[in-house]
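To start, the structure under review is shown below, and the notes come after it.
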């Protein structure tokens, strides 16, 4: 036991004393947050004014587009009531849109489109919106632009014209205009997250971003520490330091000591992140978005630690015995590629499953031990699953870790002293039977 503790202490000190450990402890959450939130902010503030030509063959709809301001400030100046849904749309829109009428005068739609395609390419206008004469019956529009990925603009146009068509249909049936306005007024939906601790107001978009952010953090540190163990073991093997270590301690003690020492270093890093997050939430709670505050609960922090520890051992053990079995970094990367896929699969499933955390596929995959550390945690951040499912995932992970630890110690014992030959999977399994 003393020899295991000595290895744990040595591995822990080697990692936490590195400058890279301190730098990455500070930079990792900052970089991950930047990757997640900066693109969203840039989408909001990076928009420019647009001029869209409108060929209104149905007549009257361009007035509806120009009557609905694309910015809350403009609506306030014009005395126009902009409900919460409009405000959210307007904030997403960012830049002001000018809808410019196209003189039709009997012009054929196909010829007009060809003419404006050239104007779009010459940047004279940003796009052409074609409103056909039968738009009320078919509800189809056509939009031509060099970029059709500006979803906020397209959604703004669709929403505005849908409301305008509804109003026109109701007015044609001689319904009071005041009733029409009231009937076509948009609905503003507030979202509340129901939890055992109580129901709190929550922003669905913020919950999605925070869940994704936490999964990315977990994914990155599992990959990082797994690769760290593999390279460390391989370096000791190729430099023959392992022979000196094995002469003074049993291979199993070295194996378990390395895993626990590096695992404690990773846990230290996670603990620092949790403490810093707690201090920031406490210090700046008044200026932090309410959605973030409702998401970052002690329960989430606890589950993050639990599934980090489980994920670390589930993936670190295979990384460790791969490092012991191979002879070069190139060989190590070939075997590690399989493990990387096993980590990427639950990450990919997690991104899509955030919107549907209780589907049969998600529930089944979250109970699979190799996927549980990421997928079950993802489900917890989205909607707390039944306690039995959480306990089942933890129990299955612990059984898997026990089996991998036994298998890994056997492979480590033989692999650290095997040189010059690239091992096969079958050969590594034969090492397990050696006494």
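Of the residues making up the range 159-175, just one is surrounded by 13 or more Cβ atoms within 10 Å (Cβ to Cβ) and in a loop (DSSP other than H, G, I, E, B), namely 175. If the condition is being out of contact with any strand residue (DSSP E or B) (no Cβ under 8 Å at 6 or more places or on another chain) and either outside any helix (DSSP H, G or I) or modelled with pLDDT of 75 or more (or both), then the range 195-214 contributes 195, 196, 197, 198, 203.
Out of 404, 399, report the one residue that is loosely packed, with under 12 Cβ neighbours inside 10 Å and modelled with pLDDT of 80 or more. Going through 404, 399 in turn, the sole match is 399. Restricting attention to the range 392-434, the residues that are out of contact with any helix residue (DSSP H, G or I) (no Cβ under 6 Å at 6 or more places or on another chain) and under 20 Å from residue 329 (Cβ atoms) add up to 8. Taking the range 344-371, which residues are outside any helix (DSSP H, G or I) and more than 13 Å from the chain's Cα centre (by Cα)? Those that are outside any helix (DSSP H, G or I) and more than 13 Å from the chain's Cα centre (by Cα): 356, 357, 358, 359, 367, 368, 369, 370, 371. When you scan the range 347-368, do you find a residue that is assigned by TED's automatic domain parsing to the domain that holds residue 256, touching a helix residue (DSSP H, G or I) at 6+ places or on another chain (Cβ under 7 Å), under 24 Å from residue 409 (Cβ atoms) and touching a residue at least 24 places away in the same chain (Cβ under 8 Å), even just one? No.
Yes/no matrix, rows are residues, columns are (1) surrounded by fewer than 24 Cβ atoms within 10 Å (Cβ to Cβ); (2) assigned to a helix (DSSP H, G or I); (3) modelled with pLDDT under 80:
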| site | (1), (2), (3) |
| --- | --- |
| 301 | yes, yes, no |
| 306 | yes, yes, no |
| 314 | no, yes, no |
| 318 | yes, yes, no |
| 332 | yes, yes, yes |
| 338 | yes, yes, yes |
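Results for (1) in contact (Cβ under 8 Å) with a residue 12 or more places away in the chain; (2) within 30 Å of residue 302 (Cα to Cα); (3) over 39 Å from the mean Cα position of the chain (by Cα), shown as yes or no for each residue.
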position: 381; (1), (2), (3): yes, yes, no
position: 392; (1), (2), (3): yes, yes, no
position: 407; (1), (2), (3): yes, yes, no
position: 410; (1), (2), (3): yes, no, no
position: 422; (1), (2), (3): yes, no, no
position: 431; (1), (2), (3): yes, no, yes
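The values are calculated or read from the model by the stated rules, or taken from the named source; none is laboratory data. Here the structure is a predicted model, which means the values were calculated and not measured. Cβ coordinates were reconstructed from backbone atoms using ideal geometry, including for glycine residues, and neighbour counts include every protein chain displayed.
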